[in-house]
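Undergrad: The structure is given below, and queries will be raised subsequently.
Here, each number is a calculation from the coordinates, and none is a lab measurement. Worth saying up front: this structure is predicted, and the values here are computed from it rather than measured. Positions of Cβ are backbone-derived with ideal geometry, glycine not excepted, and every protein chain shown enters the neighbour counts.
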Amino acid sequence: MARAIRSFIVLACVLLPRLCVGGGTVSLAEIDPLLRQKPEVRTFLMSSLEMDNTVMAAVRFGFHVRHLGGAHMGPYMIPARPRTPKDALPIEVVLCTDARFFDASGKSIQDEMNAVRVEEKLTAVMLREVNSAPAIANCP
């Protein structure tokens, strides 16, 4: 009996599509519109940190999500280093977002599988040590 249940669980994990696949990378320019939602925060970050151009997105929609397949969603993690002092330890900037999904008519929906567009709102910016656990930051 236990073997049958274990086999079923393994089979379900293999066959059932998942909403998202592991994250992926985007460029800093691609997430700049998020930063521009909070101009004062953006100005502070850009003036005080040297941020890497490669940004890690926590979520990448799988291609079974017909209209959003391959799209990314936050939180976003950006490797950075304070501009001064020059020997400062690297940090990670985490951009926390709240996502809303929309259907073809522009109506807000809860079902991302039928969404044709996702909009993100920047909700929080966190600074943390590089390689902090957990790997994907727990956003408020």
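Undergrad: Quick one: net charge of Ala88's neighbours, Cβ under 14 Å, K/R +1, D/E -1?
TA: On the way: positive: Arg81, Arg83, Lys86; negative: Glu50, Asp87, Glu92, Glu129.
Net charge in that neighbourhood comes out at -1.
Undergrad: Oh, and also: Taking the Cα atoms of segment 36-78 alone, what are Rg (to one decimal) and Dmax (as a whole number) in Å?
TA: 13.9, 41
Undergrad: Which Cα, out of His64, Ser47, Asn114, lies furthest along the positive dipole direction of segment 28-140 (beta carbon charges, K/R +1, D/E -1)?
TA: Of the candidates, Ser47 comes out farthest on the positive side.
Undergrad: Here's a follow-up. Quickly work out the Ala99-to-Ala71 label distance, labels modelled 7 Å from Cα along the C-beta direction, and quote it in nm with one decimal.
TA: Spacing of the two 7 Å Cα→Cβ label points: 0.8 nm.
Undergrad: Of the peptides 128-138, 69-79, 30-40, how do they stack up when ordered by the mean number of other Cβ atoms within 10 Å, highest first? If you can, show how the numbers build up before the last one.
TA: Details: 128-138: 11.3, 69-79: 19.5, 30-40: 13.6.
Packing proxy ranking, top to bottom: 69-79, 30-40, 128-138.
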